[in-house]
Amino acid sequence: MSALLEDVRFEIRVAVDAGLQGQALEDAIIDRLCRRIGGQTVHWPMADRLKRAHEIRESFAGGMSPRTIAKQYGVSHRTVENAITARAEEG
């Protein structure tokens with residue numbers, strides 16, 4: 001698990017352990033996360049890379065260019081090429 005997700009999990013645990021509920025819990029989590037990671041560029045890892053790779057291949061098969069696909073998914077051109085190539089090697 002990424003360090004960011006570990007931080008998120010920790011901050012949620014702290015807020016829950018404080019006995020907060022509802023809107024107060026949500027506000028506490030958001031406040032703690034903003035103080036902990038505010039101002040940073042955050043990369044949220046994709047939970048399901050296989051799903052993303054499948055979607056990339058579908059976009060490519062539909063005629064979308066690798067460069068456009070990379071922009072759409074926020075990944076590198078190489079990641080798009082790898083997804084397309086991996087499928088071609090499997091099939």
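The numbers here are math on the coordinates, done by the rules we state, and not lab data. Computed from a predicted structure; not experimentally measured. Reconstructed Cβ throughout: ideal geometry from the backbone, glycine too, with neighbour counts over all protein chains shown.
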So in segment 8-41, with the set limited to residues that are exposed (fewer than 10 other Cβ atoms within 10 Å of the Cβ) and within 26 Å of TYR73 (Cβ to Cβ), which one is nearest to the chain's Cα centre (by Cα)?
THR41
Within the set of pairs 6 or more residues apart or between chains, which connect a residue that is outside any helix (DSSP H, G or I) inside segment 17-34 to a residue that is loosely packed, with under 12 Cβ neighbours inside 10 Å with Cβ atoms less than 7 Å apart?
none
Restricting attention to segment 35-81, and to residues there that are of a type in the set (Val, Ile, Thr) and part of a loop (DSSP other than H, G, I, E, B), which single residue is nearest to LEU4 (Cα to Cα)?
VAL42
